[in-house]
Structure formats: C-alpha cells, structure tokens
1. Taking Cα atoms, how many degrees apart are the long axis of helix 109-130 and the longest axis of the chain, rounded to 10 and kept between 0 and 90?
2. Once both labels are modelled 7 Å past Cα along the beta-carbon direction, what's the Gln72-Asp104 spacing in nm?
3. Ignoring ligands, DNA and RNA, what accessible area per residue does the chain give at 1.4 Å, in Å²?
4. For the chain, what percent of Cα pairs sit more than 25 Å apart?
5. At a Förster radius of 30 Å, what calculated FRET efficiency corresponds to the Cβ-Cβ distance of Ala118 and Val5, to the nearest 0.05?
6. Using only the alpha-carbon atoms, how far is helix 15-27 inclined from the longest principal axis of the chain? Give it as 0 to 90 degrees, nearest 10.
7. Per-residue ellipticity at 222 nm for the chain, helices alone: DSSP H runs ≥ 4 residues times -39500 (n - 2.57), over residue total, nearest 500 deg cm²/dmol?
8. Label Glu227 and Val32 with points 7 Å out from Cα along Cα→Cβ: what is the distance between them in nm?
Amino acid sequence: MQAMVLQSLILCRDPGTLRVSRRALDDLGIAVEVATTAESALERLDRNKFDAIIVDCDDVAGGAEVLAGVQQSPSNKRAIVIAVINGATNMRAAFEMGAHFALDKPVTLERAVRSLRAAHGFMITEQRRYFRHAVEAKAYLTFGVVKQLLCQVTNISDGGMAVVLSEQISPSWAVEVRFGLPGIPETLEVKGEFAWSDGKGNAGIRFIYISSESKKALGKWLAERIEDVEARGTGKGSGRHSLAI
C-alpha cells in the first residue's frame, strides 16, 4: 500500500540551503530527491514527475538552464518551481524563466515554508489529476498504418495511460484509443500521442482530446479510486495503484 505522496527535486550543492529546503519540504510531508549537478537534475526531470522543484540558479553550474528547462519537460511544466538566487540572477529573470517563487540566499526556513505552503493546495490538486492507478484492461490502438491493435493497459490517469504492446512506436506519434475499465459498461475513446517508449514493449500515451461522455465516465472512475487510495492512507480499505507512467 502506498499513499499519494508529493514528490520534490532539489538542485543544490550548498549545505545550508539544502538543510533548510529539506526541513521545509519535510514539514509538509513532501518526499525529496537531491541532484548536485545540472546534468543529473535534467536526467531526473526526463524520467520522473515532481510536484515541487527547487533550483539553485547561481551557485550550481547550469542551474539557470535547468530552471528554464523545467518548462520544456512535459511531465513537470506544471510543477511549483522555486528559484534560489544569489546575485547573478535577479527575481524578474527568475520569474521569466518559469519560477513561481524566488528566494535570496541565505534562505531561511520561514520563507521556504511560506512559499511551499502557498502552493501546497495547487500541488495536491495537480497530483490528483496525474496520479496513475494500476489497472488490468484492454485497449485498441490506431496509429499510422496500424488499425485496432489490441494491447494491455497497465495504469491510467486523467492525463494519460501506460500500455504494453508488440509494435515499435516513436514518441510524438498520434494515436486513437478505444478502451474499457472495470465497472464501466461503455467503451471510452480518446485521442493522444505516444509520450515515451522503453523499446521493450512498454509505452506511455498522453491524452490530447477526450469526448465529454468519456471524460465524465473516466473522471468518475478515477475519483472513486482516489477516494479509495486516500482512505487506505488512513488505514481504511485496500487495493492497488501506481505512480508509474
């Protein structure tokens, strides 16, 4: 059993800023990953979705580029971003690069917590939207010259699904999906694009358009699963879910 835990990434090498950031995130129950180089941070942004991202812009080489690059990450462009600045980058520049908050060094615990608390409700709302639930379901995919390819759905959210299929695909390919979910009698239809593929048959589909009827049915199904997950987080109920895409 796993609760819906908010996730964060810190790009920083300064011990004082790291200590304060960790404490502020811990106080709000937000899990922390730390990267000490821009390259490592960009790799993590490519692989994972984060709810909050703290970037030391001025004292980590490439930090400013990572801050701007968050907006180019499909999974993280709606994350709450806090820029830590130390003279080279001003607040206006930080906001123009996508930061929601800018903190001057030395960063105090009070200011860090205040910024995170201001965005906490938004982070929870976004997580609920993208939280992926494990499911065993069938889907039919149409893309390129392939028509109605049967595949297995392994998890799903309001914004996309993960599938297992035999055909080789490339990210950004358009795809039409017909699928069913346990407890929903009707077939759901969406249009999307392949977001990723691991070359081993696993792929992710990002939803681009979903009909109003399908959206309503999927939303109701997901809401029931989220309620179950949150109940299990307080010791009630049981079931499976996944954060993986």
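1. For helix 109-130, the angle is close to 10 degrees.
2. Rounded to a tenth, the inter-label distance reads 3.1 nm.
3. With all protein chains present, the chain gives 51 Å² per residue.
4. The proportion of pairs with Cα distances above 25 Å equals 48 percent.
5. Calculated transfer efficiency: 0.90.
6. For helix 15-27, the angle is close to 50 degrees.
7. Mean residue ellipticity, 222 nm, calculated: -10500 deg cm²/dmol.
8. 3.6 nm
The values are calculated or read from the model by the stated rules, or taken from the named source; none is laboratory data. As the structure is a computational prediction, the values presented were derived from the model and not from experiment. Glycine gets a Cβ as well: all are built from the backbone with ideal geometry, and neighbour counts include every protein chain shown. SASA here: full protein model, heavy atoms, side chains in, ligands and nucleic acids out. Shrake-Rupley method; radii C 1.70, N 1.55, O 1.52, S 1.80 Å.
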